[in-house]
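Engineer: Sharing a structure, written as C-alpha cells. Questions coming.
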Amino acid sequence: MSLKIRNLAIIAHVDHGKTTLVDQLLQAGGTYRDNQAQQERAMDSMDLEKEKGITIKAKNTSIHWEGYTINIVDTPGHADFGAEVERVMKMVDGVLLVVDASGGPQAQTRFVLRKAMQEGLKPIVVVNKIDRPLATPLKVHDQVLELLLDLDADEEQFNAPFCYGSARDGYFMDHPDDERKDCVPLLKKIIEHIPAPKADPEAPFLMLVSNIEWDDYVGRVAVGKVLGGSVKKGDTVWLLREDGTKTQSKVMKTFSYSGLATTDSEGCSAGGIVGVAAGIENVNIGETLAGSADQEPLPFVAIDPPTVSMQFSI
Ligand code: GDP
C-alpha cells in the first residue's frame with residue numbers, strides 16, 4: 001500500500017514566486033478557510049519567528065488535497081546555507097523547481113538544484129509568471145533542460161514534467177497555450193510524479209533527525225521524516241546513538257506544519273514530517289529517534305559544513 005503523503009522541497013531564486021505559489025496551493029487545498037491565519041503569507045514567516053524566538057531556517061507547509069497530504073519544505077537559496085539545504089534534501093522525495101518565465105534559471109536555482117540532483121531527487125519544473133508581457137515560457141523550458149544537463153541529471157531527472165502558470169493569478173497548465181483555469185494540473189503532477197515516501201506504518205517508530213528547532217515552552221524540537229511507525233504525545237522514545245548510548249524520554253509535544261510555521265499536532269504517522277519535543281537536551285541532527293531501545297540507530301548522516309564561513313573584520 002503506498003502512502004497518501006508527498007514530501008517535496010521547493011527551490012527558487014529569490015523573487016521567482018515560491019511564497020506566492022505555496023499560498024496558492026494552500027488555498028487550493030482549503031487550508032486558509034480552516035485556518036485563522038488567513039491573511040498571512042505562509043512561508044514568509046521570518047518576522048513571526050523572530051517575535052516568537054523560534055529559529056526555522058527551512059520552513060515547512062502542509063497542503064491537504066484529495067485525501068493526500070503534501071508537505072512542502074522551503075529551501076534557503078543562499079550558498080551560506082549549504083548544509084541546511086542538504087538536510088532538507090534528505091527529508092524529501094522530490095523537488096518543485098520554480099523558475100521565472102522571463103528571467104529563466106539564476107544562481108540560486110542552480111545552487112539548490114545541484115544538491116537535489118546529487119541526492120537523486122526528481123524535479124517538477126514550474127515556469128512561473130507567464131502572465132507577464134515579457135514571458136518566454138518555452139525558451140525558459142529549454143534553459144532549464146540545459147541546466148539539468150549541465151548538472152549531470154540522470155535520465156529520469158532530465159525527463160522532468162513541466163507546468164506553466166501564474167502563482168499570482170492562481171493557474172497552472174501542462175502547456176502554456178492550455179486554458180488558464182486553476183492549480184489542479186500542478187497538484188495532480190505532484191501526486192503523480194513525486195514518489196510516496198518509503199516508510200513502514202507497521203514497524204516501530206523510527207525517525208532520522210534532520211533539523212533542530214526551538215520552542216520557548218518545550219525547548220529543543222527534533223524534526224524529521226517518520227521512517228517507520230508513528231509518534232504522538234505521551235509515547236516513550238529513545239535517542240539512539242551510533243556509539244551505542246541510548247537515552248529514554250517521553251514525548252511532550254509533536255508539531256506539524258501548516259500555513260504558518262509550526263502548530264501542535266495530534267501526532268504523526270509513517271511518511272510524514274514531524275517535530276518531536278521530548279525534552280532531550282542534546283539531541284542532534286543526524287541522530288536517530290526510535291520507539292524501542294532494541295532498534296538499530298540509522299547510519300549517521302554526515303552533512304557538509306557550511307560552504308561559506310563567516311568573516312569578521314577587526
Ligand atoms: P519568492 O522570493 O520566491 O518567495 O517570491 P514571492 O512569492 O515573494 O514573489 C516575488 C514577487 O513576484 C511578488 O511581488 C509577487 O507578487 C510576484 N509574483 C509572484 N508570482 C507571480 C506571477 O505568477 N506573476 C506575476 N506577475 N507576479 C508574480
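Engineer: Keeping to region 207-218, report how many residues are acidic (D, E) and either open to solvent by 40 Å² or more (accessible area, probe 1.4 Å) or at positive phi (or both). Reasoning before the result, please.
Structural biologist: Here is the first cut: in region 207-218, the ones acidic (D, E) are 213, 215-216.
Still in the list and also either open to solvent by 40 Å² or more (accessible area, probe 1.4 Å) or at positive phi (or both): 216.
The total comes to 1.
Engineer: Going through S249, S313, S230, S258 one at a time, which residue ends up being over 21 Å from E202 (Cα atoms) and modelled with pLDDT of 90 or more? Spell out the reasoning first.
Structural biologist: Working: S313 fails: modelled with pLDDT of 90 or more; S230 fails: over 21 Å from E202 (Cα atoms); S258 fails: modelled with pLDDT of 90 or more.
Within the list S249, S313, S230, S258, the selection yields S249.
Engineer: Follow-up. Can you tell me which residue within region 6-16, out of those that are buried (at least 23 other Cβ atoms within 10 Å of the Cβ) and over 17 Å from K115 (Cα atoms), is nearest to the ligand (Cβ to nearest atom)?
Structural biologist: The qualifying residue nearest to the ligand (Cβ to nearest atom) is H16.
Engineer: While we're looking at this one, here's another question. Is one or more of the residues making up region 190-202 under 23 Å from the mean Cα position of the chain (by Cα) and farther than 24 Å from I11 by Cβ?
Structural biologist: Taking every residue of region 190-202 in turn, at least one turns out to be under 23 Å from the mean Cα position of the chain (by Cα) and farther than 24 Å from I11 by Cβ.
Engineer: Name the pairs whose Cβ atoms lie under 9 Å apart, with the first residue in region 131-159 and at positive phi, the second away from the ligand (no atom under 16 Å from the Cβ) and open to solvent by less than 80 Å² (accessible area, probe 1.4 Å), and 6 or more positions between them or separate chains?
Structural biologist: Correct list of pairs: D152/M117.
Results for (1) open to solvent by 20 Å² or more (accessible area, probe 1.4 Å); (2) of a type in the set (S, T, Y); (3) touching a strand residue (DSSP E or B) at 6+ places or on another chain (Cβ under 8 Å); (4) modelled with pLDDT of 85 or more, shown as yes or no for each residue.
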| site | (1), (2), (3), (4) |
| --- | --- |
| G272 | no, no, yes, yes |
| G275 | no, no, yes, yes |
| A278 | no, no, yes, yes |
| T288 | no, yes, yes, yes |
| V308 | yes, no, no, no |
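Engineer: Next question. Select, from G82, G120, G94, G77, the only residue that is away from the ligand (no atom under 12 Å from the Cβ) and open to solvent by 10 Å² or more (accessible area, probe 1.4 Å). Steps first, please.
Structural biologist: Numbers: G82 fails: open to solvent by 10 Å² or more (accessible area, probe 1.4 Å); G94 fails: open to solvent by 10 Å² or more (accessible area, probe 1.4 Å); G77 fails: away from the ligand (no atom under 12 Å from the Cβ).
Just a single option satisfies the conditions, and that option is G120.
Engineer: Turning to a different aspect of this structure: How about region 172-206: which of its residues are open to solvent by 20 Å² or more (accessible area, probe 1.4 Å), in contact with a Cys (Cβ under 8 Å, 6 or more places away or on another chain) and either among the polar types (S, T, N, Q) or free of Cβ contacts under 8 Å to residues at least 60 places away in the same chain (or both)?
Structural biologist: If the condition is that a residue be open to solvent by 20 Å² or more (accessible area, probe 1.4 Å), in contact with a Cys (Cβ under 8 Å, 6 or more places away or on another chain) and either among the polar types (S, T, N, Q) or free of Cβ contacts under 8 Å to residues at least 60 places away in the same chain (or both), then D174, P185 are the ones that fit.
Engineer: Additional query: Looking only at residues that are surrounded by 19 or more Cβ atoms within 10 Å (Cβ to Cβ) and either touching a Lys or Arg at 6+ places or on another chain (Cβ under 7 Å) or charged (D, E, K, R) (or both) in region 123-148, which one is farthest from A270 (Cα to Cα)?
Structural biologist: A135
Engineer: In region 233-246, what residues are modelled with pLDDT of 90 or more, open to solvent by 50 Å² or more (accessible area, probe 1.4 Å) and part of a loop (DSSP other than H, G, I, E, B)? Let's see the steps before the verdict.
Structural biologist: Here is the first cut: in region 233-246, the ones modelled with pLDDT of 90 or more are 233-240, 245-246.
Subsequent filtering for residues that are open to solvent by 50 Å² or more (accessible area, probe 1.4 Å) retains 233, 236, 238, 245-246.
Correct list: K233, T245.
Engineer: Could you list all residues from region 22-49 that are more than 19 Å from V88 (Cα to Cα), in a helix (DSSP H, G or I) and at pLDDT 50 or above?
Structural biologist: Answer for region 22-49, where residues must be more than 19 Å from V88 (Cα to Cα), in a helix (DSSP H, G or I) and at pLDDT 50 or above: D23, Q24, L25, L26, Q27, A28, T31, Y32, D47.
Engineer: Can you find even one residue in region 131-144 that is among the aliphatic types (A, V, I, L, M), within 12 Å of the ligand (Cβ to nearest atom) and closer than 23 Å to E192 by Cα? Break it down into steps so the answer makes sense when it comes.
Structural biologist: Narrowing region 131-144 to residues among the aliphatic types (A, V, I, L, M): 134-135, 138, 140, 144.
Adding the requirement that they be within 12 Å of the ligand (Cβ to nearest atom) leaves 134-135.
Right, trim to closer than 23 Å to E192 by Cα and you get none.
Within region 131-144, not a single residue is among the aliphatic types (A, V, I, L, M), within 12 Å of the ligand (Cβ to nearest atom) and closer than 23 Å to E192 by Cα.
The values are calculated or read from the model by the stated rules, or taken from the named source; none is laboratory data. Not measured: the values here are computed from a predicted model. Heads up, the Cβs are rebuilt from the backbone with ideal geometry, glycines too, and the neighbour counts pull from every protein chain shown. Only protein heavy atoms, including side chains, enter the accessible area calculation; ligands, DNA and RNA are left aside. Shrake-Rupley method; radii C 1.70, N 1.55, O 1.52, S 1.80 Å.
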